[in-house]
Every structure is written in C-alpha cells, then in structure tokens.
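Q: After the structure tokens below, expect a handful of questions from me.
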Amino acid sequence: MIRIETTQIGEDGFSVSGEEPGELLELVNDPVARVAGPIRYELAVEPAGPELVVRGTVEVPLQLRCSRCAHFFSTTARVSSFLHAYEWAEHPESVDVSADVREDLLLEIPGFPLCHEGCKGLCAQCGQDLNEGRCGCVPPEGGPSPWSALDGLMSTPGPRTPKGGPGRRQQ
C-alpha cells in the first residue's frame with residue numbers, strides 16, 4: 001500500500017520514494033502479464049488549496065507474453081507523468097494512492113505486446129516458431145480464400161449503385 005502521511009506535508013510540499021510489492025497489480029492469474037519485481041515510485045506531494053496534488057514517476061518490471069510467438073519477454077511499465085489530486089478534507093491523516101498507481105501502471109501494459117517489432121510469430125498450421133526457422137508446411141491449395149469475397153469491393157469511398165441498377169427495389 002502506497003500511503004502518504006499528510007502530517008509530514010509542509011508549505012513547500014513533501015517528497016516520498018520507495019518500493020512496494022508487485023502484487024499490488026493483482027496479475028497473479030493473468031495469462032499475458034507477470035510481475036517481475038517491486039513497484040518503484042518517486043512522488044512529490046503539494047498542497048493546493050483544499051486538495052493535495054501528487055505527481056511523480058512509478059514503474060514496475062514485467063514479463064509479457066508476445067502476442068505473435070507466445071514467448072515471455074522482459075519490459076518495464078513506466079508512468080513518468082503520474083498526476084492525481086485528492087481532497088485533503090477526506091484524508092486528514094494520510095492519502096492512499098495505491099489504487100491510482102495500480103490503474104496507471106495497468107494502462108501502460110500494451111494490449112498486444114510484441115517481444116520485438118520483427119517477430120514472425122507462429123505457423124498457423126503446425127505452430128512452429130518462425131523466428132527459429134521455417135517450417136515444412138505447404139500453403140493450403142484449392143478453393144478460394146475466405147477473404148476473396150472482399151476482393152470485389154470498391155477501394156474508394158462514395159455512394160454505390162445497388163445491384164439491379166437505379167430505380168429497382170431490392171427485396
């Protein structure tokens with residue numbers, strides 16, 4: 001829990017830094033992301049009228065599963081512009097910023113993580129990792145591609161005349 005004691009805040013503000021267990025992110029059963037270390041934070045707290053403004057940086061090391069090859073790789077989720085305001089009257093003794101730190105870090109995890117930009121992924125037929133070498137699969141022959149119906153669509157936007165020509169009703 002990342003809690004800031006408001007009794008330590010002077011007129012010029014207060015700085016706090018430290019580490020919290022990565023379990024704060026609640027990624028224990030996540031199939032794509034794993035926490036690989038503690039959450040590190042450096043925060044500055046400043047009074048601003050009836051509010052406390054908390055700003056700074058937070059980061060956590062992660063292991064993410066590549067969305068193309070399914071291997072885990074190391075990265076860091078980093079929020080360099082953490083900024084939140086809290087009503088001071090609601091928190092007379094301390095401010096818990098854990099929920100906001102968690103949310104901001106989770107938003108930094110990409111929806112489709114890639115181990116590297118040139119990742120070739122897996123063969124759709126046999127599952128061979130194409131980064132390690134080619135597989136022996138032969139592309140399927142016969143029949144049209146399921147996407148071939150899209151080949152006849154117009155490539156430029158604009159109104160199209162319905163089948164049957166103008167003035168004919170479609171049923």
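Please treat every number below as a calculation from the coordinates, not as lab data. It should be emphasised that the depicted structure is a prediction, and the values quoted were computed from it without experimental measurement. Cβ coordinates were reconstructed from backbone atoms using ideal geometry, including for glycine residues, and neighbour counts include every protein chain displayed.
Q: If each Cα of the chain is one equal point scatterer, what is log10 of I(q)/I(0) from the Debye formula at q = 0.16 Å⁻¹?
A: After summing over all Cα pairs, the log10 values are -0.97.
Q: Whose amide H sits under 5 Å from the amide H of residue 68, counting only residues 5 or more places off or on another chain, with H placed in the peptide plane?
A: 115
Q: Something else about it: Taking the Cα centre of each part, how many Å lie between region 95-145 and region 14-62?
A: If you average the Cα positions of each part, the centres end up 27 Å apart.
Q: Report, in degrees rounded to the nearest 10, the 0 to 90 angle that the Cα long axis of helix 98-107 makes with the longest principal axis of the chain.
A: 20
Q: Just name one of 64, 83, 112: the one whose Cα is farthest towards the positive end of the charge dipole of the chain (beta-carbon charges, Lys/Arg +1, Asp/Glu -1).
A: 112
Q: With labels modelled as points extended 7 Å from the Cα through the Cβ direction, what inter-label distance (nm, one decimal) is found for residue 99 paired with residue 83?
A: My value for the distance between the label points is 2.2 nm.
Q: Right, another one. Please work out how much length the chain gains when fully extended from residue 151 to residue 138, using 0.36 nm per residue of separation minus the C-alpha to C-alpha distance, in nm with one decimal.
A: Taking residue 151 through residue 138 to full extension adds about 2.3 nm, to one decimal.
Q: Counting only other residues whose beta carbon sits under 11 Å from that of residue 46, what net charge do I get with K and R as +1, D and E as -1? Don't skip to the end; give the middle numbers.
A: Numbers: positive: 55; negative: 11, 12, 51.
Summing Lys and Arg as +1 and Asp and Glu as -1 gives -2.
Q: Let me ask you something else. Which residues' amide hydrogens lie under 5 Å from the amide hydrogen of residue 51, considering only partners 5 or more residues apart or on another chain, with H built in the peptide plane?
A: Residues meeting the criterion, in which the H sits 1.01 Å from N, are 88.
Q: Excluding the sites themselves, what is the longest stretch of the chain that contains no GluC sites (Glu not before Pro) in a DSSP loop with at most 13 other C-beta atoms within 10 Å?
A: Details: sites that count: 11, 26, 90, 93, 117, 132, 141.
Result, exposed sites excluded: 27-89.
Q: A further question follows. Let's see if you can work this out: charge +1 on each Lys and Arg Cβ, -1 on each Asp and Glu Cβ, no other charges. What is the dipole magnitude of the chain about its Cα centre, in debye to the nearest 20? Kindly include the intermediate steps, with their values, before the conclusion.
A: On the way: 14 positive and 25 negative charges, 394 e Å.
In debye, rounded to 20, the chain gives about 1900.
Q: Something else: Among residues other than residue 3 whose Cβ falls under 11 Å from its Cβ, what is the net charge (Lys/Arg +1, Asp/Glu -1)?
A: Details: positive: none; negative: 5, 20, 93, 96.
Here the count lands on -4.
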